[in-house]
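Inspection log for the structure reproduced underneath, given as structure tokens.
All of the numbers you see were taken from the coordinates with simple rules; none came from a lab. Small disclaimer: the values here were computed from a predicted structure and weren't measured. Every residue, glycine as well, gets a Cβ built from its backbone with ideal geometry; the counts of neighbours run over all protein chains shown.
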Amino acid sequence: MPEIHISQSQLLPEPGAPDGTAPATAALQEDSAIRKFLLSRGNSAIADRGFHWLMVLCALSIFGIVVLIAVELVLRSHLAWEKFGLDFFYKASIDAYTGLPQYWDPVNGHFSALPFVYGTLVSSFLALLLAVPLAIGVAVYLTEMCPGSLRAPLAFITELLAAIPSVIYGLWAVFVLVPLLREHFNPWAIKLFGWTGFFSNDNPTGLGFVSAGIILAIMILPIISSLTREVMSAVPHSQREAVLALGATRWEMIRMGVLRNARIGIVGAVILGLGRALGETMAVTMVIGNSPEIRRSLLSNGSSMASVIANEFAEASGDLHLSALMEIGLALFIVTIIVNAFARLLVWAVTRGAPARVN
Amino acid sequence: MGVGIEVTNLNAWYGTNHTLQDINLNIPANHATALIGPSGCGKSTFVRCLNRMHETNPIARVTGTVRIGDLDIYNDITPVEIRRRVGMVFQRPNPFPTMSVYDNVAAGLKLNGYSNHHVLDEIVERSLKNSALWDEVKDDLKKKSGASLSGGQQQRLCIARALAVDPEVLLMDEPASALDPVSTAKIEDLIFQLKSQYTIVIVTHNMQQAARVAEKTGFFLNGRMVEFDSTHKIFTNPADKRTEDYITGRFG
Amino acid sequence: MVRDEHKLKARIRAGIDGAATGLAVLSTVLVVAPLVAIFIYLVYKGASSLNLDFFTKIPKPVGEVGGGMANAIVGSAILLAVGSLIGVPIGIAGGIFLAEFGRGTKLANAVRFTADVLNGVPSIVMGIAIYSLVVVPTHFSGFSGGVALGVMMIPTVCRTTEEMLLMVPHAVREAALALGVPNWRSVLSITVKTASPGIITGCMLAFARVAGETAPLIFTAFGNSNWSTNLNEPMAALPLQIYVYALSPYDDWHRLAWAGALVLIVLILLAVSLVRYVTSRGVLKGAS
């Protein structure tokens, strides 16, 4: 007899044993009212299938919307594309009177987007220059240095920055930032750096690339910062501890243990910020000065791809003008898709697919 | 009253994993049948085949026949319909978190369109009494959230929920394994009392539990059913050496 | 000698550490400062112009003093309502698809990617696209503005819905299915209901974001200096009005712009704070 842990008394009698257990097969029983009701409900196959297809339809409509937008942009920019081709993005015509290159000339029907590409790039680059160090600084502070009780409120404040609408940034920039620059920064910059050619004295308004760059920097800061924080938090603690165990100071630990590991993600965060800066419209439109020329001085008026559309679309003179603006819109569309996709790829690589909650 | 279950040549796959191989057995009506075996032997998969819950996994596949009463559950009716006749209680209690105790018990009926409040009240009361939870919740039925009960109470709530739809078979997948001994004892008492009205199949890791509540026991190993016989015989004089090894604790 | 070298090195390293900390703190201050500055300035400039007139009167003709932005506030509310009617159902349905039906499929990945693309489209481009699609065949209208805003809401609603639904434990779904509840009923009455606090939060977030959008409205709703509640006509909107007034040469309009900005930002910040509050309290307190 094998050794078993169950005593005989615990076992139940066999089925069919004389103490009155029910027979092995049940007699057909009258179904209760509940059972009857449920039996009558059917299998809802149609409702299930219908629901499934409804959800698929809505999901596909998201697809459809993006396709519609893309198609519409392509169709409407066709006219300008036919007329100018790739030249649209760089070739100027020569003004008959002055002999100077003319890029955007609604009167004579010549359109080249180079000034706007230039403006977008310059303002975005300036914005990144200002925003990236600050954003990483804030991220480092909040993730590694900040006392626990301050962290939530400070993080909340940086995220509030992201919630402020563009037009309010623009409003503030027009009435506060621009006069500030005009009175205090510009004269100083011209005096100190005028020799570089990047700061000249021909624009007394205070509008221009620098204003646009600064306000853009404030606007893209929250994205870069919060994503950098996410990426830094994703670095496992073991990395930090390993560096500390070697006797590193806190900054050395941050630099070697965290930032080095997170650098791909940080690059992604920066690129995402760039993507946002490229498409930003309202605040930039209000302070960039809106001049369709290419000038070297950062203090001069300029225009960005987004701002020229905002300014000229409503009163576009003729189909070609409108088509040219549409083509600029299409270019913006494509560029932002590529930039955003690339950025998300980088961030995903570091956070392994945790959803990048970006404003 | 419950019905018997007849399983013929049941094979189950999860993708390429042949989880169940050639299972044949007859589960008697109005009895409790225990399924024992080491982890991963397929007993949970087996009970999920009895109410077609394994189909919720898109890579699952089944061949063979399962007859519950006189219905071939794979060919005669749809999964939704069979699950109204074959209730299931899971290993971890899973009451609906946003619903009150009352709504939890009535869920199977309300969500299927039943709305007669008087009858629902009766059914809720009866189900809670049958699952020995009535006294503990009767004052607060509609306000108390299902999730605010203790683990043992939650499991009894799940049993009440399953009973409310008046199933013919009740499947229980290790119903007490996540509970403390007192709750476990309560649930075992419950099974003892319920089996005269329903056919109960209980998967368990706990051999003493099987011995306490079930008349018949099946021993599963590596996807096969090694032995199926009266509990008495399995535990005192098993026919197969593997059963004997498991019973005596040589593995598992 | 070596000892001194080590001491010097240690000192330098400590110095760098201190400098780094200082820079980090400085950055934080520089980041927080604009927010505080902007908000204070807004309150300062806007509060004085906020009176009952602001909320009840429409703008006076150019050059005259007084009037308010009542039409813009009402217009924004209407546009946001239309936008929500479009964006919320499609967004939630998309989220349900991604979480419940399409999990892991190629189609789901494509939809998710597309939603991200939609999210990244610059709002001005959205404006000219909707202009092309809706305004050209018809005319400037509140309806087209609502469509533009609604489309912009979709990605946020969709993503948060998916996230929240994925957080509902599998056991809850199984419990419903095991009762013989049809799949559609289980998804709606159990899974979605369990995740509903989070889903609502996502909708509020999307709402707060499009509430301040101007660019998509410039060429769709177009703005209106009179009372406009007719969706078939151009409609005023608060951000749009602020934009136009800010760039105008009239001091009085500037004053109104500040007041409008204050109202707008208070509403948005309230919504965002509410969202934060709800999420930090543990949105799915029932489902764990």
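Quick notes on this one:
- Among the trypsin sites (Lys or Arg not before Pro) in the range B:179-252, those placed in a DSSP loop whose Cβ has at most 15 other Cβ atoms within 10 Å are B:250.
- Value of [θ]222 nm, deg cm²/dmol, for chain B, DSSP H segments ≥ 4, -39500 (n - 2.57) each, nearest 500: -10000 deg cm²/dmol
- The label point for residue B:205 and the one for residue A:97, both projected 7 Å from the Cα toward the Cβ, are 9.0 nm apart.
- Packing-based exposure ordering (other Cβ within 10 Å, fewest first) of B:41, C:158: B:41, C:158
- Rounded tilt (10° steps) of B:101-110 against the dominant C-alpha axis of chain B: 70 degrees
- Order of A:107, C:125 - criterion: other Cβ atoms within 10 Å of each residue's Cβ, fewest first: A:107, C:125
- Rounded to the nearest 10 degrees, the inclination of helix B:151-164 to the longest alpha-carbon principal axis of chain B is 90 degrees.
- For chain A, built as a Gaussian network whose Cα springs stay under 10 Å, the top-fluctuating residue of A:158, A:196, A:285: A:196
- Low-density loop cleavage sites - trypsin sites (Lys or Arg not before Pro) in the range C:154-197, where at most 11 other Cβ are within 10 Å (DSSP): none
- FRET E, pair residue A:267, residue A:296, Förster distance 25 Å, beta-carbon r, rounded to 0.05: 0.30
- Placing a label point 7 Å from the Cα of residue C:110 along the Cα-to-Cβ direction, the residues of the range A:57-99 whose backbone N falls under 19 Å from that point are A:57-72.
- Comparing B:45, B:16, B:199 in a Gaussian network model of chain B, where Cα atoms under 10 Å apart are tied by springs, the biggest mean-square fluctuation is seen for B:16.
- Alpha-carbon centroid distance for the pair the range B:2-17 / the range C:192-253, whole angstrom: 59 Å
- Estimated dipole of the range C:55-280 in Debye, rounded to 20 [Cβ of Lys and Arg +1, of Asp and Glu -1, Cα centre]: 460 debye
- Cβ neighbours within 10 Å from other chains - mean over C:145-155: 1
- Note on B:229-239: average number of Cβ atoms from other chains within 10 Å of each residue's Cβ is 4.
- Using the Cβ-Cβ distance between residue C:51 and residue C:81 with R0 set to 25 Å, the FRET efficiency works out to roughly 0.40.
- Among the listed pairs B:142/C:193; A:36/B:110; B:142/B:186, those whose Cα-Cα separation exceeds 21 Å are B:142/B:186.
- Residue exposure sequence - A:150, C:264 - by fewest surrounding Cβ within 10 Å: A:150, C:264
- Comparing mean-square fluctuations of A:90, A:103, A:118 from a GNM of chain A with C-alpha springs under 10 Å, the top value falls on A:90.
- Between 0 and 90°, nearest 10: helix B:181-194 axis offset from chain B longest Cα axis: 90 degrees
- Highest to lowest packing among B:50-60, C:144-154, scored as the average C-beta count within 10 Å: C:144-154, B:50-60
- Over chain A, equivalent-ellipsoid semi-axes from the Cα gyration tensor in Å: 61, 34, 17
- The range B:166-244 versus the range C:46-84: alpha-carbon centroid distance in Å: 73 Å
- Once you reduce the range A:51-68 and the range A:216-251 to the center of their Cα atoms, the two points are 39 Å from each other.
- Across the range C:2-47, the fraction of Cα-Cα pairs farther apart than 11 Å, rounded to a whole number, is 72%.
- Helix runs (DSSP H) in chain C reaching 15 Å along axis by Cα, Kyte-Doolittle at least 1.6: C:70-96
- Calculated [θ] (222 nm, deg cm²/dmol) that DSSP helices of n ≥ 4 give over chain C, each run adding -39,500 (n - 2.57): -23000 deg cm²/dmol
- Within 10 Å of the Cβ of each residue in A:284-290, the mean number of Cβ atoms contributed by other protein chains is 1.
- Legend: helices of chain A (whole DSSP H runs) are marked when their alpha-carbon atoms reach 18 angstrom or more along the helix axis and their mean Kyte-Doolittle hydropathy is at least 1.6; marked are A:114-140, A:209-233, A:319-351.
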